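The values are calculated or read from the model by the stated rules, or taken from the named source; none is laboratory data. Remember, predicted model here, so these are calculated numbers, not experimental data. Counting neighbours? That spans all protein chains shown, and the Cβs are built from the backbone with ideal geometry, glycine included.
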């Protein structure tokens, strides 16, 4: 009988604990499903339950204000309410034109169907000419050829709060006779509502968006005999679709699969990253098939989500072109990179834009007030955020995206690459390298870190930047930043993966012994890092990462920058020069200096050649960039923009970086963890991150003020520092492997109650790390600090994800969804309709 080779199998001593974990997870999922069902049926359908017993209402003929143009004037008289008991009525026409928003009103007499007197208005529905299902909303969201949405305000009046049945006919006759509704005392539909003063409804073709609730009112404002529909929020010349209106309809009960999907994602996050999750006990191992599959799935899901985000504000349906910005009296051209790519194909470096003669005759063309005056006086054409220098317009944004994306795309297709497509490609490239790069970084320097913390760190790397801002608002502003983020993540991925086993060639991870350096990975990483000079130069700080990453190869094994490795050393230098030298020549050819990128010649709201924000404002500006709290409201969208009222350039913001990414607060403890960071050989890297982030933050704030768009310049640096400190903290909370058996025995012996015995048994069974290398050592005596730390880490990342995606609905930000995609905004807003006070 032949002997079979013994194949080592993971021990089964942890099976009981894992079974208990699976049972607990199953119970948690059952609880989560019950909670989701309760929220779906109860909270999100609260509008239905609140309108099941509203009083029936009869309506008279509508009175149209002078600010509405009706295509068929006689139709208004033809729509008199023939059935007095109807609670719905057709409008005079399906389409109106607003000529004067102040008088664009439809006044409707309403009566309680049972008593004939004043009625309580509980709900209203406005229906356009045609309704569409939610699944078709995306194709209509940016259809400029058809009506998409309208915003109506509601007012009520009470001319007779106590009419009896005998006086009803006289009152209706009088109302129809006078028809002078302007003499009525109108009050907002929300008057008497304590905490929800909103009396507007933005309705679309999606039925769920066509309802509004009146809310609970005080007694003197509860009953009405007239309802006014006002289109005061529309602009003159706009078209409104309104086929019918209903007073006191019962809001339909609905089940939203998209809403359920969102709740399932949140539930999955909470269950997977809860302090007692098995992911906190499993060691990170990036070489397993399971981890590789999870990483691939994470990248694919991120790519799909990024694509959806780019389409939220228009995406492929959005037509971009030169437009006049009335707010700053300049022309705005969103196609800078397309024009730069075309210019490169045509053999010149300036943009093909017309130059107004007044620019060349001005003593200082960068004086914003002077340009604004000339524009108002002569209609002179100036292009906003373009670099003007010696009679030509240039793009001061990095040229690398034009060389790698826009010019090749135009050369191959003859068309211009849309900004959203370029942003998405670069965003996906960033995610595709950032996730595995973060995992490699953690496993190399912190081999005793759990899978839970590793994935939380990867999610932090994805949100601790401005990538999602630029994907939501795809424009030439974000393309160079996204390009630098992608190049940096890819460069670090190859650098961290350059240490290979000398025998097998596999990644050596944290083992500096018998290893060799993969030359092509080092050189490719250098090329990618050098590209930052032609994208976003602030990211060149990451070049300094090479020293802590390759310190063993430089200082000890002499595989880099030594006589024995002169070929690789020369290749590294040549890789940087091959990228940097052409970019220096590009700058010199445009502005006469290799280091001048042209940003100071920008035609913007102030003279960048001479003006700078006050140094006295820098402390408060830096605090706002980092620590300004996020703002929240009591009604949808719940997340609001914050007030950055400083006398320096400011843009709408959701809060300071550390307020939006609280996980990064851990980086502030880097000095306290310096001993462990030194033991893990990342003290220098962490110090570079903190110092580099401070320098970049100061530079950006001094030149561009307070701006969410520039969080990406320093966000990745703080994310790296936070990841290093967080990994040190988790390792410090665990027992050394040698002490685990002692810990397990003492825990079992010290169990005095059944609960203690069960907990000790779980602990002893689940911490057999010496036998099962897949498991991490137990936490030190007392689980409270460890569980609190795990909870805080998971909560911080979940908060950041909510701020990223929930913040996209904030109404005060650039490209706000109410104007760019009213379908999506109004549909999600309808989820919370029942919460109206």
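Do the conditions hold for residue 407, that is, is it at pLDDT 95 or above and farther than 28 Å from residue 584 by Cβ?
So residue 407 does not fit the description; no.
Working only within the range 811-837, note down all residues that are buried (at least 22 other Cβ atoms within 10 Å of the Cβ) and either in contact with a strand residue (DSSP E or B) (Cβ under 6 Å, 6 or more places away or on another chain) or within 27 Å of residue 249 (Cα to Cα) (or both).
821, 822, 823, 824, 825, 826, 830, 833
Residue 411 is checked against (1) in a helix (DSSP H, G or I); (2) out of contact with any helix residue (DSSP H, G or I) (no Cβ under 7 Å at 6 or more places or on another chain); (3) surrounded by fewer than 21 Cβ atoms within 10 Å (Cβ to Cβ) and fails just one. What number does that condition carry?
(2)
I'm trying to understand the selection: among the residues of the range 49-72, which are in contact with a strand residue (DSSP E or B) (Cβ under 7 Å, 6 or more places away or on another chain), over 19 Å from residue 249 (Cα atoms) and assigned to a loop (DSSP other than H, G, I, E, B)?
If the condition is that a residue be in contact with a strand residue (DSSP E or B) (Cβ under 7 Å, 6 or more places away or on another chain), over 19 Å from residue 249 (Cα atoms) and assigned to a loop (DSSP other than H, G, I, E, B), then 65, 67, 70, 71 are the ones that fit.
Does residue 319 satisfy being surrounded by 15 or more Cβ atoms within 10 Å (Cβ to Cβ) and modelled with pLDDT under 90? Write out each step before concluding.
Numbers: surrounded by 15 or more Cβ atoms within 10 Å (Cβ to Cβ): no; modelled with pLDDT under 90: yes.
No.
Would you mention how many residues in the range 289-330 are more than 19 Å from residue 468 (Cβ to Cβ) and either assigned to a helix (DSSP H, G or I) or in contact with a helix residue (DSSP H, G or I) (Cβ under 9 Å, 6 or more places away or on another chain) (or both)? So that I can check it myself, show each step before the final result.
First, the residues of the range 289-330 that are more than 19 Å from residue 468 (Cβ to Cβ): 289-297, 317, 319-330.
Of the ones still in play, those that are also either assigned to a helix (DSSP H, G or I) or in contact with a helix residue (DSSP H, G or I) (Cβ under 9 Å, 6 or more places away or on another chain) (or both) are 289-297, 317, 320, 328-330.
Residues meeting the conditions: 14.
Filter the range 200-225 for residues that are surrounded by fewer than 23 Cβ atoms within 10 Å (Cβ to Cβ) and farther than 26 Å from residue 253 by Cβ; which is modelled with the highest pLDDT?
223
Yes or no: residue 712 buried (at least 21 other Cβ atoms within 10 Å of the Cβ) and either assigned to a loop (DSSP other than H, G, I, E, B) or modelled with pLDDT of 95 or more (or both)? Break it down stepwise before answering.
On the way: buried (at least 21 other Cβ atoms within 10 Å of the Cβ): yes; either assigned to a loop (DSSP other than H, G, I, E, B) or modelled with pLDDT of 95 or more (or both): no.
No: the conditions fail for residue 712.
Any chance the range 435-447 includes a residue that's under 30 Å from residue 724 (Cα atoms), touching a strand residue (DSSP E or B) at 6+ places or on another chain (Cβ under 9 Å) and in a loop (DSSP other than H, G, I, E, B)?
Yes - at least one qualifying residue is present in the range 435-447.
Listed here are the residues, each with its yes/no results for (1) surrounded by fewer than 23 Cβ atoms within 10 Å (Cβ to Cβ); (2) in the same structural domain as residue 486 (by TED's automatic domain parsing).
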position: 350; (1), (2): yes, no
position: 355; (1), (2): yes, no
position: 369; (1), (2): yes, no
position: 390; (1), (2): yes, no
position: 394; (1), (2): no, no
position: 423; (1), (2): no, yes
position: 440; (1), (2): yes, yes
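Please verify whether the range 628-636 includes one or more residues that are assigned to a loop (DSSP other than H, G, I, E, B), touching a strand residue (DSSP E or B) at 6+ places or on another chain (Cβ under 8 Å) and crowded, with 16+ Cβ neighbours inside 10 Å. Before you say what the answer is, go through the steps one by one.
First pass over the range 628-636, keeping only residues assigned to a loop (DSSP other than H, G, I, E, B): 628-630, 633-636.
Adding the requirement that they be touching a strand residue (DSSP E or B) at 6+ places or on another chain (Cβ under 8 Å) leaves 628-630, 633.
After this cut, where a residue has to be crowded, with 16+ Cβ neighbours inside 10 Å as well, the list is 628, 630.
Scanning the range 628-636, I find at least one residue that is assigned to a loop (DSSP other than H, G, I, E, B), touching a strand residue (DSSP E or B) at 6+ places or on another chain (Cβ under 8 Å) and crowded, with 16+ Cβ neighbours inside 10 Å, so the answer is yes.
Let's see how each residue does on (1) at pLDDT 85 or above; (2) in the same structural domain as residue 210 (by TED's automatic domain parsing); (3) part of a strand (DSSP E or B):
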position	(1), (2), (3)
40	yes, no, no
47	yes, no, no
84	no, yes, no
124	yes, yes, yes
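Do we have any residue at all in the range 376-393 that's farther than 26 Å from residue 469 by Cβ, without any contact (Cβ under 8 Å) to a residue 40 or more places away in the chain and in contact with a strand residue (DSSP E or B) (Cβ under 7 Å, 6 or more places away or on another chain)?
no
Can you name every residue in the range 643-666 that is within 16 Å of residue 710 (Cβ to Cβ) and either buried (at least 22 other Cβ atoms within 10 Å of the Cβ) or at pLDDT 90 or above (or both)?
Within the range 643-666, 653, 654, 655, 656, 657, 658, 659, 660, 661, 664 qualify.
Considering only the range 513-549, how many residues are under 21 Å from residue 716 (Cα atoms) and free of Cβ contacts under 8 Å to residues at least 24 places away in the same chain?
The qualifying residues number 2.
Does the range 549-560 contain any residue that is modelled with pLDDT under 95, part of a helix (DSSP H, G or I) and within 36 Å of the chain's Cα centre (by Cα)? It would help to see each step written out before you state the result.
So the first thing to find is which residues in the range 549-560 are modelled with pLDDT under 95, and the list is 549-560.
So of that shortlist, the ones also part of a helix (DSSP H, G or I) come out as 549, 551-556.
Adding the requirement that they be within 36 Å of the chain's Cα centre (by Cα) leaves 549.
Yes, the range 549-560 has at least one match.
Looking only at residues in the range 586-622 that are part of a loop (DSSP other than H, G, I, E, B) and farther than 24 Å from residue 350 by Cβ, which one is nearest to the chain's Cα centre (by Cα)?
If we take residues in the range 586-622 being part of a loop (DSSP other than H, G, I, E, B) and farther than 24 Å from residue 350 by Cβ, then 613 is nearest to the chain's Cα centre (by Cα).
Which condition from (1) under 20 Å from residue 531 (Cα atoms); (2) under 36 Å from the mean Cα position of the chain (by Cα); (3) exposed (fewer than 15 other Cβ atoms within 10 Å of the Cβ) is the one that residue 581 breaks?
(2)
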